[in-house]
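Remarks on the structure that follows.
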Amino acid sequence: VCAQLYADNSPYYDQCCAGDVLVVPPGSDVPYMPRGWSGRASSLVVGTRCELTVWSRKAKKGKSRRFSA
C-alpha cells in the first residue's frame with residue numbers, strides 16, 4: 001500500500017482517519033476517482049518512499065498537488 005484516503009476526518013489525532021478507505025497501490029495511475037469517491041476524501045496517509053499526486057479536475061486536469069510521507 002502506498003497511500004490511503006479516508007472519507008471521515010476529525011481534529012482529534014486518534015480519530016483523524018476513519019470511515020471508508022480508498023487504498024492506493026504502488027505504481028497506480030488513475031485519472032478518475034472511483035465511483036462514490038469524487039469530492040469525498042477528507043484525509044490521507046502516504047507511506048514512506050511513496051508520493052501521491054492529485055488534481056483538482058478529472059482526467060489529470062486543473063491544479064495538482066503532491067503529498068509524501
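The values are calculated or read from the model by the stated rules, or taken from the named source; none is laboratory data. What you see is a predicted model; the values in this text were computed from it and never measured. Virtual Cβ from ideal backbone geometry, glycine too; neighbours counted across all protein chains shown. Accessible surface areas use protein heavy atoms only, side chains included; no ligands, DNA or RNA. Shrake-Rupley method; radii C 1.70, N 1.55, O 1.52, S 1.80 Å.
Miscellaneous remarks
- Peptides 12-18, 2-8 ordered by packing proxy, namely the average of other Cβ atoms within 10 Å per residue, highest first: 2-8, 12-18.
- Label point 7 Å beyond Cα of Ala69 along Cβ direction - residues of the range 1-45 with amide nitrogen under 17 Å: 1-5, 24-28, 44-45
- Phi to ³J(HN,Hα) by Karplus 6.51 cos²θ - 1.76 cosθ + 1.60 over the range 26-34, Hz, x for Gly, Pro: x, x, 5, 9, 10, x, 10, 5, x
- In this structure the range 3-68 gives 79 Å² per residue of accessible area when probed at 1.4 Å with all protein chains present.
- Accessible carbon and sulfur surface of the chain relative to its total accessible area, %, 1.4 Å: 49
- Relative contact order, percent, the chain [alpha-carbon distance under 8 Å, six or more residues apart]: 33
- Measuring max minus min along each principal axis, the C-alpha atoms of the chain give extents of 33, 27, 19 Å (largest first).
- Taken about its Cα centre, the chain carries a charge dipole of about 520 debye when Lys and Arg each add +1 at the Cβ and Asp and Glu each add -1 at the Cβ.
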